[in-house]
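A short worksheet on the structure shown next.
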Amino acid sequence: MMKRLLVLLVVMLPCLVLGGTARALESEAVRSSRVVATLVSDTDRVEAGGALRLGLRLKVAPGWHTYWLNPGDAGAAAEIAWTLPEGGSAGPIQWPAPSRLPEGPVMSYGYTGEVLLPVAVKAGTAGGLVVEASATWLVCEKICVPEEGVFRLALGAGLAGPSSEAALFEAASARVPRASPFAASVGPDGVLSLVGAGLSDATVREAYFYPAAWGAIDQGAPQALTVTDGAVRLSLVRGAEFKLPLEGVLVLRDAGGQETALSVSAVAGDAAAPAAVPLWQTLALAALAGLILNLMPCVFPVLAMKAVSLSRLSGQARGAVRAHAVSYTAGVLVAFAALGGALLVARAAGGVAGWGFQFQSPVFVAGMAFVLFGVGLNLSGVFEVGGRVAGAGQGLAAQGGHAGSFFTGLLAVVVATPCTAPFMGAAIAAALAAPGWVAMLVFLTMGLGLAAPYALLAAAPALARGLPKPGAWMDVLKGVLAFPMYAAAAWLLWVVSLEAGPQGVLVVGSGLVLIGFAAWALGLAQRRPSEQSGRRLGVGAAAVAALSALALLGGVQGVAPAAAQVEAGVEPWSPARLAALRAEGRPVFVNMTAAWCVTCLVNERVALSPEPVRAAFRARGVAYLKGDWTRGDAAISAYLREHARDGVPLYVWYPAKGPPEVLPQVLTEGAMLSRLNEGG
């Protein structure tokens, strides 16, 4: 009997050994109602000093998830501590590419279902391996539960061979990001660019960037994708902890749904152009935008000065007409060159300035109110420009008013910046992404477009000769045209009320009173040239009043802005709120605006405020988000860049399904209703 038992034991021993080894390749499980966790190996044996892979295997219950290396806005990554024999070592977790886990405004990164977290391990100096691992992980659903476990594996000595769990490691390896073969850079505008052969619409239909560290980008912000042959660009919003190089994982999905995960280390790069547009097309858009800018409501006050100038040109010689047109055009070009240079300097310094950026300063807005109010007083006859007061202005008068034409062109550009004409956004975005000389060429071309109607007089002076002859009617015209100036000053005072509150209005209102007094005192001195002492007193009083008004400007900048008013049915825009609404599958309408943007205000009154449009929003469950760029906002500036714009207005329509669509800069009620109906 004993002999038979010994024979049976000898026969069964190999099976018992092999069976014990197979079970040892996956440790005893640590179980909860949420996760089943084990430690697994990709090989069944290991030589002294040999290499193998071990991994923490997590089977997560439906509805629950665990987290990636960077858990995102909430969560915590898994950790593993190893106990190995002498001479053994373990590397870091080789994290598979994660998935997005949006929870309302919060964006997290992690895994659902089953995930294996592999680690490269070196065996000790002796054959075989006995390893112990202590691991912690977090699982979340509506609540989050921290879990932990201690695992043990024993592998025999010998030549390595694939274990029954080796397929798990192969699947995990396919999800572990590989080093990117493409050159990666990120521009000051937050655009992540990959350049290299093989990138095209066919190979990249979708892309998403997962930062390796929290805070590098705004994780809840949408990532707009642009693909051209040989380049992929993804618009990111820089976060509070952004630094270079920008490390992370970029997941690309092709037309067939196949995903590729790339490990990216992006260095500093230039701002990316929204599209590769030929220079001649950009210049054509710039010229057309400048021409259309003449029809924008911002330029209406300057049209008053133009009308007076034109009336003075009637009947003059061809050379005089041409000279005035050239002077006006020169003023426009100088102003556009100055604005373009300021924008380029701000971009080079890492700023976020865009078209109309100077109106974000209440000091500038207040100063413009002073200027336009003074021009209105001049048109009303309170004082004269170019009069021989204490010798001042004599040089300008001797020049025949060409300085006046020059400064009229200069002012036309300055007051035009609150408006954004169609085609202007694409032209400016392309300019600011191009080399400096190209950018200045685009801005100067836009200036030529704005000056074109007036410059046309230089080529066809017969048009000026067709105007009514100078006479008493010009004084009446001047008086009438003063009122658009007063209206513009009143509008700017309203802008100050939004940027600096009631105290800012008081400061600027006091400045306007001083400007009015200065104009009256100056005019009084001009009308009494024979009274030398009275003339000096009037000029001195005017100078003191004007300087006092300028001194008040410093008090506007430090005033806190007024609290934003909340409109019914409108929510404040934020990247997180937009991402949350998109995750819910709701259609969204985004309106980027500013109080000083006249085009924005006209669009809101004509196309967005009418009850039929608001009723269509409600009936279709459209979320209306509004971003206020009145005093500047880095997140809004980045959002503008994402959509190839450098100024407001910007209107973006997000249907419940499908990609977003940028709407025209000039809206109508009918166009809005038509778009909403198309969107269901």
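Counting charges near Cys600 (Lys, Arg +1; Asp, Glu -1) among other residues having Cβ under 14 Å from its Cβ returns a value of 0.
Within region 116-173, the proportion of C-alpha pairs whose separation exceeds 20 Å stands at 45%.
Loop-located GluC sites (Glu not before Pro) in region 113-157 (DSSP state other than H, G, I, E, B) with a sparse environment of at most 13 neighbouring Cβ atoms within 10 Å: Glu141. Based on the Stokes-Einstein relation at 20 °C and a viscosity of 1.002 mPa s, and on the Kirkwood radius from alpha carbon pairs, region 612-661 is assigned a translational diffusion coefficient of 171 µm²/s.
Charged neighbours of Ser609, selected by a Cβ distance under 11 Å, balance to -2 (K, R count +1; D, E count -1). Please compute, over every Cα-Cα pair in region 58-216, the percentage with a separation greater than 18 angstrom. Summing the P(r) of region 58-216 above 18 Å gives 69 percent of all pairs. Note that region 565-631 shows a convex hull volume over its alpha carbon atoms of 83 Å³ per residue. As a rough guide to protection, the peptides 633-642, 544-553 ranked by mean Cβ packing within 10 Å, highest first, stand as 633-642, 544-553. Around Gly72, which amide H atoms from residues at least 5 apart in sequence, or from another chain, sit under 5 Å from its own amide H, with H modelled in the peptide plane? Placed amide hydrogens put Tyr109 under 5 Å from Gly72.
Packing around the peptides 585-595, 506-516, 568-578, taken as the average count of other Cβ atoms within 10 Å per residue, puts them in this order, highest first: 585-595, 506-516, 568-578. All Cα-Cα distances of region 32-102, cut into 5 Å bins from zero to the largest, leave 3, 11, 20, 23, 17, 11, 8, 5, 1, 0 percent in each bin in turn. Between the residues Leu199, Val176, Pro188, the greatest Cα displacement towards the positive end of the dipole of region 138-202, with unit charges on the Cβ of Lys, Arg, Asp and Glu, is found for Val176. Glu584 contributes an accessible area of around 110 Å² to the protein surface, as traced by a 1.4 Å probe with all chains present.
The values are calculated or read from the model by the stated rules, or taken from the named source; none is laboratory data. In this text the structure is predicted, and so the values were computed from the model without any measurement. Counting neighbours? That spans all protein chains shown, and the Cβs are built from the backbone with ideal geometry, glycine included. Heads up: the accessible areas ignore ligands, DNA and RNA and are worked out on the full protein's heavy atoms, side chains in. Shrake-Rupley method; radii C 1.70, N 1.55, O 1.52, S 1.80 Å.
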